[in-house]
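Below is one structure, written out as structure tokens, with a few remarks after it.
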Amino acid sequence: MTNNWFADIILPLAVRGRFTYRIPDGILDSVKPGVRVTVPFGGKKLYSAIVCNIHDKPPAVKNVKEIIEVLGAVPTINEAQLKLWLWISEYYLCSEGEVMKAALPSEICLNIYKPRLETFIELAGNFTDDGLNTILDNLARAPRQQEILSTYIRLTGYTFGSEIIRIRKSLLLSEAHSSPNIIEALADKGILSSVSLAVTRLTDSDSYNEPINKLSEAQLIAYGSITRQFKEKDIVLLHGVTSSGKTEIYIHLIEEQLKIGKQVLYMLPEIALTTQIILRLKKHFGTVTGVYHSRFSDPEKVEIWKRVADNDPLTGYRLILGVRSSLFLPFSNLGLIIVDEEHDGSYKQHDPAPRYHARDSAIMLAALHKAKTILGSASPSVESYNNIVNGKYGLTELKERFGLIKLPAIIIANTREAYRKKRMVSHFTPELLQAMDEALGKEEQIILFQNRRGFSPYIECSECGWIPVCIQCAVNLTYHKGISKLVCHYCGYTTGMPSKCENCQSTGMVTRGFGTEKIEDEIKIVFPAARVARMDQDTTRNKNSFNKIIRAFEERRIDILIGTQMISKGLDFENLTVVGILNADNLLNYPDFRAHERSFQLMEQVSGRAGRRQKQGKVVIQTSDPANKIIRMVLRHDYVSMFRMQAEERITFNYPPFCRMVKISIKHKDRALLNSFSDILGRDLKEIFGKRVLGPESPVISQVQLWYIKTILIKIEREKPPAKAKQLIIEAIERLEKEKGASSLKIAIDVDPY
């Protein structure tokens, strides 16, 4: 008789809902929530899936498929992870399968476990000291074999009666300057033997266990404030000016949690930031500290996953430093989450789904573990600060830099006036050039910030104004001089630099605007003796590129570092005294309701890199609009005024955090069909939500990879239950998907499209 036990499972597919399978008798005891199983789905395909629920209620279908096998006796996913997946799925309106794909390393999904094997060498027996000396004497006529054996004894310190130590074959060959066949010859003589062992792919440092620094008086007050507020609130915002010592407070909070056996997640928005901080953390916490981000290979991710799940006091990872994907790791005993630079837009995942915000998801993860959350920033998000105003979060402030170092002096350089008076040198004002010249004269370092990569944002015909555009996207092609190509930053399409205009055949093609690559070229002309480097997406494609550039700057092998926003956040350089923001206008004039908030944050953050030790730094902000309110607030480091101004505007025009927003993107390769289908969805939503619906309309970039795009924006009042509104949105989309010809549409939902 067939049993009546069933399992609801999550498949790694963008399909809404869970699927129910019968549990065969032979594996009934092995099927538990969180285990991986193999199941058939659609045709003859087999998938690795996750069990999320077991019950005795048969589904309303005739032929219920069975689970084929259980993949491992121990659950891969724990209860808190399953709850987080479900919350992300429901809140961000995506399938649990999409969350699963984002959360799990693909080697877990595909059921590949391939341990990394390495060959080790050991003595073939427990030789006496005299016996070994005799062997060495007998090898006099085989000096290369003698050298291998001597090197083994030297490296292991072997003496009779001591433990036989295995050493890596690669190390032995390197130290003896020898070749594998020499080891084989010694193995044939019964002197050495080899064994293959599974080894870690991860680089672990030694356990330094350096004592943690004592806190300053201001830091002690802040630390005490946080611990007191944690008694009443689960979330505290640490608002500290740049270089005020927030990280040292984090370290004391981490130590407190590790002492009571808890795990800690320390989140950062950029991979580049992990380089400096991981060294600082490992000095104090040693091998219990791990890193997790997208630059790791899948086998490495699986190892990290296992060491977090292990939570062993000696071999497990109990402190993880990671970017947004780290919140999906299998924490079992989480006590604290730190979200540093909490305002940063990189915490938001845009494509593909799940389009989650890691800060908000981390707060939910902490709640599931009954853990506490610290949000840290020198320029908090309007959302987070508003949660302080309404009493939801606690607030602790650090208003002075550590050691009472002065905040950098900020100079506003008027580019309009400098151009009018013909005082600009390339893209540099006299004020910036003077500051750089003085710094280089004192052997100090400089950072130049320009938030566009490439040499030039576009090229143009000087005769007729023709501009080369992408053949797949509605964007201008960016000129990259280093590869002599025009590149689309949306789809990756590249083409050669045209020798003449395709419209009028003129040969007068000129570059317009400037990116980091052009700044690098021109700085080398203005300061030929300076050592110049660039840090942007083009120069950091390789796994260790960040580390190499940052290390070179720390070791003062770079005088001037040019970069995009990745250089603006959290980096700490002792000898950096001058920061130049080359074009503040680009930031301020971006068509987005968050443009002014983000401009303030970015300028405040990049300014904070200057003068972090004994010397006061200098920041030069180049702009054609020196009277701009945001720039004047940056000049005064006046965050509160920026928040009040933004809050007033957003209340007036009904923008977050005073409403919820859902953006729906509809894509089709036929523009007419896109217009037709988007109009249908727009009318349907307007019947439900009325004037809360904006659009459909074409976004700034209206075509990407040959797909035309229309967007619809829905504003939902904060006091309204969001779950009901989201359900109505899903139902409207499902009605559209049933329309004839709608199967070729791509529809993406973005909740809180920050």
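Okay, here's what the table says:
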item: Asp638, sole failed condition from (1) within 29 Å of the chain's Cα centre (by Cα); (2) within 30 Å of Leu713 (Cβ to Cβ); (3) without any contact (Cβ under 8 Å) to a residue 40 or more places away in the chain; result: (2)
item: Any hit, the range 244-257, residues being in a loop (DSSP other than H, G, I, E, B), touching a residue at least 24 places away in the same chain (Cβ under 8 Å) and farther than 19 Å from Asn311 by Cα; result: yes
item: Residues (touching a helix residue (DSSP H, G or I) at 6+ places or on another chain (Cβ under 6 Å) and free of Cβ contacts under 8 Å to residues at least 12 places away in the same chain) located in the range 641-661; result: Ser641
item: Selection within the range 477-515 - part of a strand (DSSP E or B), in contact (Cβ under 8 Å) with a residue 40 or more places away in the chain and more than 29 Å from Gln565 (Cβ to Cβ); result: Met509
item: Within the range 447-476, tally of residues that are farther than 30 Å from Val579 by Cβ and either among the polar types (S, T, N, Q) or outside any strand (DSSP E or B) (or both); result: 12
item: Filter result (loosely packed, with under 13 Cβ neighbours inside 10 Å and in a helix (DSSP H, G or I)) within the range 684-706; result: Glu687, Gly690, Lys691
item: Only one of Asp312, Asp351 that is outside any helix (DSSP H, G or I), without any contact (Cβ under 8 Å) to a residue 12 or more places away in the chain and among the acidic types (Asp, Glu); result: Asp312
item: Any hit, the range 717-740, residues being at pLDDT below 95, within 22 Å of Phe653 (Cα to Cα), part of a strand (DSSP E or B) and out of contact with any His (no Cβ under 6 Å at 6 or more places or on another chain); result: yes
item: Subset of the range 440-466 [touching a strand residue (DSSP E or B) at 6+ places or on another chain (Cβ under 9 Å) and surrounded by fewer than 15 Cβ atoms within 10 Å (Cβ to Cβ)]; result: Lys442, Ser462
item: Residue satisfying all of: in the range 562-603; modelled with pLDDT of 90 or more and of a type in the set (D, E, K, R); nearest to the chain's Cα centre (by Cα) among these; result: Arg598
item: Residues (among the polar types (S, T, N, Q) and farther than 30 Å from Asn386 by Cβ) located in the range 685-735; result: Ser698, Ser702, Gln703, Gln705
item: Single condition Cys504 does not satisfy, out of (1) closer than 29 Å to Leu407 by Cα; (2) surrounded by fewer than 17 Cβ atoms within 10 Å (Cβ to Cβ); result: (1)
item: Of the criteria (1) under 32 Å from the mean Cα position of the chain (by Cα); (2) under 30 Å from Asp351 (Cβ atoms), which one Gly43 fails; result: (1)
item: All positions within the range 507-526 that are among the polar types (S, T, N, Q) and surrounded by 13 or more Cβ atoms within 10 Å (Cβ to Cβ); result: Thr511, Thr516
item: When residues of the range 1-54 are limited to those that are among the basic types (Lys, Arg) and over 17 Å from Ser89 (Cβ atoms), the one modelled with the lowest pLDDT; result: Lys44
item: The range 351-360 - residue that is over 12 Å from the mean Cα position of the chain (by Cα) and not basic (Lys, Arg) and, of those, surrounded by the most Cβ atoms within 10 Å (Cβ to Cβ); result: Tyr356
item: Test: residue in the range 607-626 that is in the same structural domain as Lys524 (by TED's automatic domain parsing), of a type in the set (A, V, I, L, M, F, W, C), modelled with pLDDT under 90 and assigned to a helix (DSSP H, G or I); result: no
item: Residue in the range 258-265 that is under 19 Å from Lys372 (Cα atoms), among the aliphatic types (A, V, I, L, M) and in a helix (DSSP H, G or I) present; result: yes
item: Within the range 62-85, considering residues that are part of a helix (DSSP H, G or I) and not polar (S, T, N, Q), the one farthest from the chain's Cα centre (by Cα); result: Glu79
item: Residue match in the range 595-610 (condition: touching a Phe, Trp or Tyr at 6+ places or on another chain (Cβ under 7 Å), more than 17 Å from Glu270 (Cα to Cα) and among the aromatic types (Phe, Trp, Tyr)); result: no
item: Per-region count, the range 541-563, residues crowded, with 20+ Cβ neighbours inside 10 Å and touching a residue at least 24 places away in the same chain (Cβ under 8 Å); result: 9
item: Residue satisfying condition, being touching a helix residue (DSSP H, G or I) at 6+ places or on another chain (Cβ under 9 Å), without any contact (Cβ under 8 Å) to a residue 60 or more places away in the chain and either among the acidic types (Asp, Glu) or closer than 24 Å to Tyr292 by Cα (or both), within set Ala103, Ala49; result: Ala49
item: Which numbered condition Val31 fails, given (1) aliphatic (A, V, I, L, M); (2) under 27 Å from Ile733 (Cα atoms); (3) in a loop (DSSP other than H, G, I, E, B); result: (2)
item: Cross-chain or 6+ apart pairs with Cβ under 9 Å, the range 716-731 first and touching a residue at least 40 places away in the same chain (Cβ under 8 Å), then part of a loop (DSSP other than H, G, I, E, B) and charged (D, E, K, R); result: Ile730/Arg16
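Here is a yes/no grid of residues against (1) modelled with pLDDT under 90; (2) under 21 Å from Ile337 (Cβ atoms); (3) among the β-branched types (Val, Ile, Thr):
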position: Asp206; (1), (2), (3): yes, no, no
position: Lys214; (1), (2), (3): no, no, no
position: Ala218; (1), (2), (3): no, no, no
position: Gly224; (1), (2), (3): no, yes, no
position: Thr227; (1), (2), (3): no, yes, yes
position: Val236; (1), (2), (3): no, yes, yes
position: His239; (1), (2), (3): no, yes, no
position: Ser243; (1), (2), (3): yes, no, no
position: Ile249; (1), (2), (3): no, yes, yes
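The values are calculated or read from the model by the stated rules, or taken from the named source; none is laboratory data. From a predicted model like this one, the values you see are computed outputs, not experimental measurements. Positions of Cβ are backbone-derived with ideal geometry, glycine not excepted, and every protein chain shown enters the neighbour counts.
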